[in-house]
Amino acid sequence: MPRQAYVNGRYLPHGQATVHIEDRGFQFADGIYEVVPVRQGTLIDEEPHLDRLERSLGELRIAMPMRRRAIKLILRELIRRNDLHDGFVYMQVTRGVAPRDHKFPAHSTPTLVMTTRRMKPHREAVLRDGVSVITAPDIRWGRCDIKSVALLPNVLVKQAAAEAGAYEAWQVDDEGRVTEGSSSNAWIVTGDNKAVTRDATHAILNGITRLSLLKVIEAEGYSFEERPFTVAEAKTAREAFLTSSSSFVMPVTRIDDAPVGDGRSGKLTAALRKHYMDYMTEQGAGG
Ligand code: PDD
């Protein structure tokens, strides 16, 4: 069965799914997106992802393209048509098609695109050894809480990471404090075994994985703190990890050229990953 995408009311073969050249997403990056993980055929944290979609749209004054109930039906139909077990659904909404002019058009219908992608399980060796991150100045705008498709700074910094042989880049504000990764949230574990991640302000995207992991941490009786941490603190932390809809909980064992802790995946990180994987499995079981 060829891969199918959804574009403005139609299911199409992926290669034939297109939008207009005057779509404001293409012209101005005037749109937002969401990435919803799918595990064993189940959407993970569907409601929080749709809440964030609605919030991002609201902040940009773009209308919801349709009711939430209709979006949920399309999500399921797309999973069914693509026979998707493990991967994610990508959703993008833009302000729609209009003659190129920066200000909002008087009338436009939001564009809605949804696609799916399969994902291979993370390799055991990666989970055991962890991944490396580089650090780089955060050159983004002041509303990183909006999941905008304007991702050029993230693209550039991820490319820099790839060229350095690293998995991710941790962006750093003017005060030397880590904001977040190019497509993930950043965490450290302190000497007294506390998980620390930056508080959710306009400086970061409030990751759904981040939010769920905070709940898991609380439920399991671990301690955490939401506050900024510096690159120096991260480099001397006991453990480090990152979270996202595609990485889940991923150990970070190298920051720039310094090993984190003993350079191996940390104990708390491994425990939190396991709890988080269980949390996802429970959603499949209807829990
Ligand atoms: N990225 N921070 C940024 C800048 C992100 O782009 C993402 C997600 C996250 C983590 O959010 P969540 O836990 O909701 O996935 C944090 C997605 C996966 C992407 O761009 O593909």
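Taking the Cα of LYS194, stepping 7 Å toward and past its beta carbon, and measuring to each backbone N in region 223-260: which are under 15 Å?
Output list for this probe position: 223-230, 233-234, 237-239.
Counting only protein heavy atoms, what percent of the accessible surface of the chain is carbon or sulfur at a 1.4 Å probe?
Solvent-exposed carbon and sulfur of the chain make up 53 percent of the total.
Whenever you get a sec, line up ARG95, ARG81 from highest to lowest accessible area (probe 1.4 Å, protein heavy atoms). Intermediate results must be reported in sequence, preceding the final value.
Details: ARG95 20, ARG81 70 Å².
Largest accessible area first, the residues go ARG81, ARG95.
For region 132-287, max minus min Cα coordinate along each principal axis, in Å, sorted largest first?
Extents along the principal axes: 39, 35, 26 Å.
For the full complex of protein chains and a 1.4 angstrom probe, list TRP170, TRP141 by accessible area with the highest value first.
Largest accessible area first, the list is TRP141, TRP170.
Would you mind checking the pairs LYS72/LYS215; LYS194/LYS235; LYS158/LYS235 and listing those with alpha carbons more than 22 angstrom apart?
LYS72/LYS215
Label ARG143 and GLU163 with points 7 Å out from Cα along Cα→Cβ: what is the distance between them in nm?
3.1 nm
What FRET efficiency do you get for LEU151 and ARG117 if R0 is 25 Å and r is their Cβ-Cβ distance, rounded to the nearest 0.05?
It comes out at approximately 0.90.
Stretch VAL231-ARG81 to full length: gain in nm at 0.36 nm per residue minus the Cα-Cα span?
So the extension gain works out to 49.5 nm.
Just the Kirkwood number for the chain, please: inverse of mean 1/r across all distinct Cα pairs, in Å, one decimal.
It is 19.8 Å.
Please list, short to long, the whole-number percent of alpha-carbon pairs of region 239-287 in consecutive 10 angstrom bins beginning at zero.
26, 44, 22, 7, 1
Loop only per DSSP, at most 13 neighbouring Cβ atoms within 10 Å: give me the trypsin sites (Lys or Arg not before Pro) in region 1-80, ordered by residue number.
ARG61, ARG67
How big is the charge dipole of region 4-118 about its Cα centre, in debye rounded to the nearest 20, if each Lys and Arg gets +1 on its Cβ and each Asp and Glu gets -1 on its Cβ? Kindly include the intermediate steps, with their values, before the conclusion.
On the way: 18 positive and 14 negative charges, 45 e Å.
I would put it at about 220 debye.
Apply the Debye scattering formula to region 4-118, with a single equal point scatterer on each alpha-carbon and no solvent, then give log10 I(q)/I(0) at q = 0.14, 0.18, 0.19, 0.21 Å⁻¹.
Debye intensities relative to I(0), on a log10 scale: -0.56, -0.89, -0.98, -1.16.
Averaged per residue, what accessible area in Å² does the chain show with a 1.4 Å probe, protein chains only?
For the chain, the solvent-accessible area averages 49 Å² per residue.
Taking the convex hull of the alpha carbon atoms in region 151-239, what volume per residue do you get, in Å³?
Expressed per residue, the convex hull around the Cα atoms of region 151-239 is 103 Å³.
For LYS267, LYS147, give me the order by solvent-accessible area with a 1.4 Å probe, most accessible first, ignoring ligands, DNA and RNA. Don't jump to the answer; show the numbers that get you there.
On the way: LYS267 180, LYS147 25 Å².
Sorted by accessible area, descending: LYS267, LYS147.
The values are calculated or read from the model by the stated rules, or taken from the named source; none is laboratory data. Bear in mind the structure is a predicted one, so any value in this text is a computation, not a measurement. FYI the Cβ positions are ideal-geometry reconstructions off the backbone, even for glycines, and counts take in every protein chain you see. Accessible surface is based on the protein model in full, side chains and every heavy atom, while ligands, DNA and RNA are left aside. Shrake-Rupley method; radii C 1.70, N 1.55, O 1.52, S 1.80 Å.
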